[in-house]
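Notes for the one structure printed next.
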Amino acid sequence: MGYIVDENTKVVVQGITGHQGSFHAGEMIKFGTKVVAGVSPGKKGTQHNGIPVFDSVMDAMSTGANATMISVPAPYVKDAAYEAIDAGIKLIYILTEHVPFHDTLEIFHQTNVRGIRLLGPNGPGVTRPGVCKIGIMPNQIFRKGDVAVASRSGTLTYEIVNAITQSGFGETTVIGLGGDPVVGMTFIDVLKLFYEDPETRRIVLVGEIGGNNEEKAARYIIEHGDKRKKVVAYITGRSAPKGKRMGHAGAIIERGVGTAESKIKAFTEAGVKVADYPDDVPGLLK
Amino acid sequence: MGYIVDENTKVVVQGITGHQGSFHAGEMIKFGTKVVAGVSPGKKGTQHNGIPVFDSVMDAMSTGANATMISVPAPYVKDAAYEAIDAGIKLIYILTEHVPFHDTLEIFHQTNVRGIRLLGPNGPGVTRPGVCKIGIMPNQIFRKGDVAVASRSGTLTYEIVNAITQSGFGETTVIGLGGDPVVGMTFIDVLKLFYEDPETRRIVLVGEIGGNNEEKAARYIIEHGDKRKKVVAYITGRSAPKGKRMGHAGAIIERGVGTAESKIKAFTEAGVKVADYPDDVPGLLK
Amino acid sequence: MNLYEYQGKQLFSRYNIPVPGGYVVDSIDKLKKFEHPVVVKSQILLGGRGKSGGIKFARKPEELVPAVKDLLGAKIRDYTVKQLLIEEMLDIKKEFYISIALNRTERKPVIITSPSGGVEIETVPDDKIFRKNLDPLLGYSAFLGKEASSFMGFDRDLSAQFSKILQQMYALFIEYDCELVEVNPLVLTGDGKLVAADSKVVVDNDSLFRHKDLNNEDPEKTPLEREANEKGYSFVELDGKIGVIANGAGLTMATLDALTLHNGKPRNFLDLGGTDSTEIVVNAFDLVLKAKPTAILVNIFGGVTKCDTVAAGIVEAKKTYNIKQPMVVRLSGVREDEGRKILTDNGIDAFSEMMKAIEKVVSYVKVN
Amino acid sequence: MNLYEYQGKQLFSRYNIPVPGGYVVDSIDKLKKFEHPVVVKSQILLGGRGKSGGIKFARKPEELVPAVKDLLGAKIRDYTVKQLLIEEMLDIKKEFYISIALNRTERKPVIITSPSGGVEIETVPDDKIFRKNLDPLLGYSAFLGKEASSFMGFDRDLSAQFSKILQQMYALFIEYDCELVEVNPLVLTGDGKLVAADSKVVVDNDSLFRHKDLNNEDPEKTPLEREANEKGYSFVELDGKIGVIANGAGLTMATLDALTLHNGKPRNFLDLGGTDSTEIVVNAFDLVLKAKPTAILVNIFGGVTKCDTVAAGIVEAKKTYNIKQPMVVRLSGVREDEGRKILTDNGIDAFSEMMKAIEKVVSYVKVN
């Protein structure tokens, strides 16, 4: 799975009998994703929406699974992730929100030293139209095309992807990084992939206040960017007051770090056009 | 440092002001090793045998150090190793004996996931005649040649290396793996290096009772061995009674596992001649 | 969650980090006998309490009661002082800084220490600051204390005290899921002891399920924010006029930004979250209406939360609360047509494009 | 270090691993009142105590004293019974196996469980054994208990009990630096509880500096071995005639092997270690002489331990202890010539080649 997800991605859903896991597993199958197994302790040998259910990820590996969607309550996420690491899963996507960030820190470093990819927590997942979707993005908004999108939010991503699709473009890949202060993939990680991907010709980064990942991405674009690929950005939180968390745990301006101004300035200096409104993004891609 | 140690190996000695650290640092310099720094908290800015002393490994990195010899009391070994890992050292050799094996387990896995090489604990180190020596092997017994030696013991290694040198051969590399049940490098690890090394034409493995590393090495030789390189083995502990530790913590026959017979049989089946006495080794190399 | 100074110090005590002797009072009759000079410290979550008059000294017995009377119930900036920490006055020889925080950029805990304590760490020059990122897989090791002590220029005894404090702060940082554990100043007393003269401990809200011993109300929150949070909404009060209900934190923030750029200031941030339920929509209106907005904007991009569910909620809320304010609705995405029909059937118009809705709602507050 | 069953169970109790009620006695007058049927278990470090008669049952009050009298002071194989564990008899419904050990091959702790308990795990067929290597960087996680329980076929309640026991065994394994924590059998009682009916705990000797609460004499060691270990020597008593002093564990083992292949059985294993000191050599002779060998072999390859230092030690020991036995010395390596001169000056010959020395010393015991 060089490019996060591809035709060979086979997904196990940890927490498949939960409300979210169950619903989104079904949606993923409708999208064409190979959902090969579910995990729910004590439900070994049953089926859920036609998906075989196993007691453990280790048992589910017999289906050829190489990726997991973790949709279990926050207190159990770390255990679920460690189970996936132990079983040899190569891509771990955590849907759950409100995971303690210390748990995410540990999960991140454990996956990082082992070359396992971590996506999330608290993000909408990854979608490659026509290929594979892992996560909770609405199936209807996508069309295959040449725009790659990476975003720190969920619904706003759908809004922007929908606008891109409506305006005649389409997407190679849409990646939701997650709205927490610590997440598995950053803008720099996905920029590398987008620049390497021959199908991607345009890139959209949807950032928000908090942290300095946008600033680092801007520096990366200056130093390593491929000028043939146009990059457009949108930053939310311009109107956010200092010290207030705007919904996402990561979206907070602390001690002057993480302001929208700083991010917009960094992108502008890197030659990245920054949209004022979500609807402006498709226009800037032209 | 592709081949454990080479001309670019620069050694820091953790515990340089101790008896062992001090003496062997001097011997290593006499051998031609680039001992670039010593570490001893609170001794920053002093010199020891002409070697600059630092408070921490991190500070000592300014000398270009890339390897460490750890010679601190057993209770402090884990901290010293973690300090070296944190500072970015690429080869960690632990001279100290009686390190709790749980500490070694942790050190091993921490180095292993980071691609850091761990040698020891409780071994004599590594010597490449004419190139570099890290550890406590006597300088006088070596001559540059085409025999590579790997051993689980110390003095017995010197005995055998001496016999090899006396009989007209010489050594490419001599590696002491360490006498503990858990050590950083195994026979398989070093066999890979020996097979890859163009200068090595003969290989000597000095094993002992306990564990099944020799059996695994024999299997590796059958499956991956280069038949142009002759492998000779010697196994100690034929006369050891079950359940008694013969000096080394690793040298113990438990529940029938780890007997000399099993190891000798495995090597013989792999086409490896096994010497009855240490002095017989050079004869079998011809 | 921010802990009060005295709460942080209670944790410090449990972790064997030295703190001055002291006790907390919320009324004057709980004062204990004056035995030695004390500092009387307002327990409010405000940096620079001292400069704002929140800290007083009682060197003699007769100074204690006036100091307590002055501070209890006083209003310091936006905070009312409800509790005081009465603490033994330290013989201060020198002040240092030490903290462990989350370094978001590196995704690692970072140790920060400085020989320049007692001032905001942001004002200390870089060459006076020791920074060290900690690999979470390695955890705390003794060498970290040695490295930091070497930078601080401590002798063997102070190095041992300092390393112990650092180790214990790290244990607290990990075991209590902290975002920040800060001691500023860490005081060197006349008799050569290091003592934590202040504490700042911030605990990850998402971890509170495993720290049942901590149950602060966050005093930085308004009563309405607290009510909303208890009901499970992400909700922030702002100082504009337009009440906002949207779905998704990012889209909600984008909605506030768009309003602001159009000179229509929002009254609140409210994210419906990712659950598809009419009741959640109705309750959201209840909260927004309590904030007394001049106009209301509902901005929905349907995904998991479907447009028709929201539409049904809007209709129900309009009836239930007899909403008088002008309301602008924007619906797009999953089940958009069904949602729009529900609204139309009940005499409510809905935009499809976000920007049109923004412009419309701003026109209402401008007219007013 | 092997712990006695009762010591292991004391640790189990501390880690909330259920054990039967019981107490330890070392004399008959310490027996408590008989209140329910009990098992009387000899506290000796021997597998298969039961088969060897080391365990008796007292179902009625009048059976207790005879059982205790039978066992206390009894000799079972090589062990003298000094302590008994008097333990509540369990209502055994089923017996399982569970252990955590070091997997040397993988360099990881390994969990082993089996529904076939109460027998040696080596005799259980592979398809009845659950084996799981544990990544030390990940540590223990709840999924491990679920995986093991799923293999065992446990229902939800037993799975919860079993997982808890496994988790606590792992905590004990790590915190007490264990080589092995084994419960065999783990008993399912009539009222549905899992109870550890036996314990086998082996602690790494090298870790004892941080486990001051454990200070067993290892009963598998002879008094002379204990004396030698206390003096810092690696020393093992064997049943031959040739006393051996060598340097380095590997070379010492090779020396014993060579003697054995020459039909000259060694009396002991003694490694001088890597310190260069005459006193260590002299004390080594003291130990070897106490083992009353027929002849003595000293085999030195000089490195850190230098040949002249050893030679000086040999000379001093010969005088001090007035050694009568024939002694063969082999010196090679660092400062060999200097060492040989010291010996020659004192009328002692020394070989340079190990095999010659082996042949010579064997000739002495063959003559005898």
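Here the condition is being more than 25 Å from A:ALA148 (Cα to Cα) and surrounded by 23 or more Cβ atoms within 10 Å (Cβ to Cβ); of A:GLU83, A:GLU106, it holds for A:GLU83 alone. The selection criterion, being surrounded by fewer than 19 Cβ atoms within 10 Å (Cβ to Cβ), among the acidic types (Asp, Glu) and either at pLDDT 95 or above or assigned by TED's automatic domain parsing to the domain that holds C:VAL187 (or both), holds for C:GLU106.
Filtering the range B:140-163 to residues that are assigned to a helix (DSSP H, G or I) and of a type in the set (Asp, Glu) leaves only B:GLU159. Taking the criterion of being of a type in the set (Gly, Ala, Ser) and either facing chain D (nearest Cβ under 8 Å) or within 20 Å of D:THR255 (Cβ to Cβ) (or both), the residues of the range B:259-286 that qualify are B:ALA260, B:ALA275, B:GLY283.
Of note, B:GLU199 does not satisfy the criterion of being free of Cβ contacts under 8 Å to residues at least 12 places away in the same chain, surrounded by fewer than 18 Cβ atoms within 10 Å (Cβ to Cβ), more than 28 Å from D:MET354 (Cα to Cα) and charged (D, E, K, R).
When the strands (runs of 3 or more DSSP E) confined to the range D:155-246 are screened for residues that are hydroxyl-bearing (Ser, Thr, Tyr), those reaching at least 1 such residues are found at D:178-189, D:234-237. Here D:GLU120 meets each of (1) touching a residue at least 40 places away in the same chain (Cβ under 8 Å); (2) closer than 18 Å to D:LEU194 by Cβ; (3) of a type in the set (D, E, K, R) with one exception, condition (2). Taking the residues in the range C:268-307 that are in a strand (DSSP E or B) and away from chain A (no Cβ under 14 Å) as candidates, determine which candidate is farthest from A:VAL161 (Cα to Cα). So, considering only residues that are in a strand (DSSP E or B) and away from chain A (no Cβ under 14 Å), the one farthest from A:VAL161 (Cα to Cα) is C:ALA295.
Condition (residue is out of contact with any His (no Cβ under 9 Å at 6 or more places or on another chain), away from chain C (no Cβ under 13 Å) and surrounded by fewer than 22 Cβ atoms within 10 Å (Cβ to Cβ)) applied to the range A:230-246: is it met by at least one residue? Checked against the condition, which is being out of contact with any His (no Cβ under 9 Å at 6 or more places or on another chain), away from chain C (no Cβ under 13 Å) and surrounded by fewer than 22 Cβ atoms within 10 Å (Cβ to Cβ), the range A:230-246 yields at least one hit. For the residues D:GLY139, D:GLY118, the requirement of being part of a loop (DSSP other than H, G, I, E, B) and farther than 18 Å from B:ASP103 by Cβ singles out D:GLY118. Can you confirm whether the range A:40-63 contains a residue that is free of Cβ contacts under 8 Å to residues at least 12 places away in the same chain, at the interface with another protein chain (Cβ under 9 Å from one of its Cβ atoms) and either under 27 Å from D:ALA160 (Cα atoms) or surrounded by fewer than 24 Cβ atoms within 10 Å (Cβ to Cβ) (or both)? Within the range A:40-63, none of the residues are free of Cβ contacts under 8 Å to residues at least 12 places away in the same chain, at the interface with another protein chain (Cβ under 9 Å from one of its Cβ atoms) and either under 27 Å from D:ALA160 (Cα atoms) or surrounded by fewer than 24 Cβ atoms within 10 Å (Cβ to Cβ) (or both). Being within 10 Å of another protein chain (Cβ to nearest Cβ) and part of a helix (DSSP H, G or I) is the filter; apply it to the range D:121-136 and report the residue that is nearest to A:ASP79 (Cα to Cα). Filtering the range D:121-136 for residues that are within 10 Å of another protein chain (Cβ to nearest Cβ) and part of a helix (DSSP H, G or I), the one nearest to A:ASP79 (Cα to Cα) comes out as D:ILE121. The residues of the range B:148-166 that are free of Cβ contacts under 8 Å to residues at least 40 places away in the same chain and not hydrophobic (A, V, I, L, M, F, W, C), listed by number, are B:GLY154, B:THR155, B:TYR158, B:ASN162, B:THR165. Scanning the range D:173-184 for residues that are within 12 Å of chain B (Cβ to nearest Cβ), of a type in the set (A, V, I, L, M) and closer than 17 Å to D:LEU144 by Cβ turns up just one, D:ILE174. Reported count of residues in the range A:161-188, each being out of contact with any Phe, Trp or Tyr (no Cβ under 6 Å at 6 or more places or on another chain) and surrounded by fewer than 19 Cβ atoms within 10 Å (Cβ to Cβ), is 4. Among the residues making up the range D:340-368, those that are touching a residue at least 24 places away in the same chain (Cβ under 8 Å) and within 14 Å of another protein chain (Cβ to nearest Cβ) are D:MET354, D:MET355, D:LYS356, D:ALA357, D:ILE358, D:GLU359, D:VAL362.
Is it the case that some residue within the range D:66-86 is within 20 Å of the chain's Cα centre (by Cα) and aromatic (Phe, Trp, Tyr)? Scanning the range D:66-86, I find at least one residue that is within 20 Å of the chain's Cα centre (by Cα) and aromatic (Phe, Trp, Tyr), so the answer is yes. If you go through the range A:202-228 and keep only what is surrounded by fewer than 18 Cβ atoms within 10 Å (Cβ to Cβ) and more than 14 Å from chain C (Cβ to nearest Cβ), you end up with A:ILE222, A:GLU223, A:HIS224, A:ASP226, A:LYS227, A:ARG228.
Within the range C:117-134, the only residue that satisfies the criterion of being in contact with a Lys or Arg (Cβ under 7 Å, 6 or more places away or on another chain) and either outside the structural domain of C:VAL195 (by TED's automatic domain parsing) or modelled with pLDDT under 95 (or both) is C:GLU122.
The residues of the range C:266-279 that are within 25 Å of the chain's Cα centre (by Cα) and free of Cβ contacts under 8 Å to residues at least 40 places away in the same chain, listed by number, are C:PRO266, C:ARG267, C:ASN268, C:PHE269, C:ASP271, C:LEU272, C:GLY274. Residue count for the range A:245-260, restricted to those that are within 24 Å of the chain's Cα centre (by Cα) and free of Cβ contacts under 8 Å to residues at least 40 places away in the same chain: 2. Can you spot a residue in the range B:144-154 that is away from every other protein chain (no Cβ under 14 Å) and within 18 Å of B:LYS10 (Cα to Cα)? No, the conditions are met nowhere in the range B:144-154.
Of the residues C:LEU238, C:LEU256, C:LEU270, C:LEU251, the single one that is surrounded by fewer than 22 Cβ atoms within 10 Å (Cβ to Cβ), in the same structural domain as C:VAL361 (by TED's automatic domain parsing) and closer than 19 Å to A:PRO241 by Cβ is C:LEU238. Taking the range B:64-78 as the range and being crowded, with 19+ Cβ neighbours inside 10 Å and either under 12 Å from B:GLY15 (Cβ atoms) or within 14 Å of chain C (Cβ to nearest Cβ) (or both) as the test, the residues that pass are B:THR68, B:MET69, B:ILE70, B:SER71, B:VAL72, B:VAL77, B:LYS78.
Report, by residue number, each residue of the range C:314-331 that is in a helix (DSSP H, G or I) and surrounded by fewer than 24 Cβ atoms within 10 Å (Cβ to Cβ). If the condition is that a residue be in a helix (DSSP H, G or I) and surrounded by fewer than 24 Cβ atoms within 10 Å (Cβ to Cβ), then C:VAL315, C:GLU316, C:LYS318, C:LYS319, C:THR320, C:TYR321 are the ones that fit.
The values are calculated or read from the model by the stated rules, or taken from the named source; none is laboratory data. Everything numeric here is computed off the predicted structure, so don't read it as measured data. We place every Cβ from the backbone using ideal geometry, glycine too, and count neighbours over all the protein chains shown.
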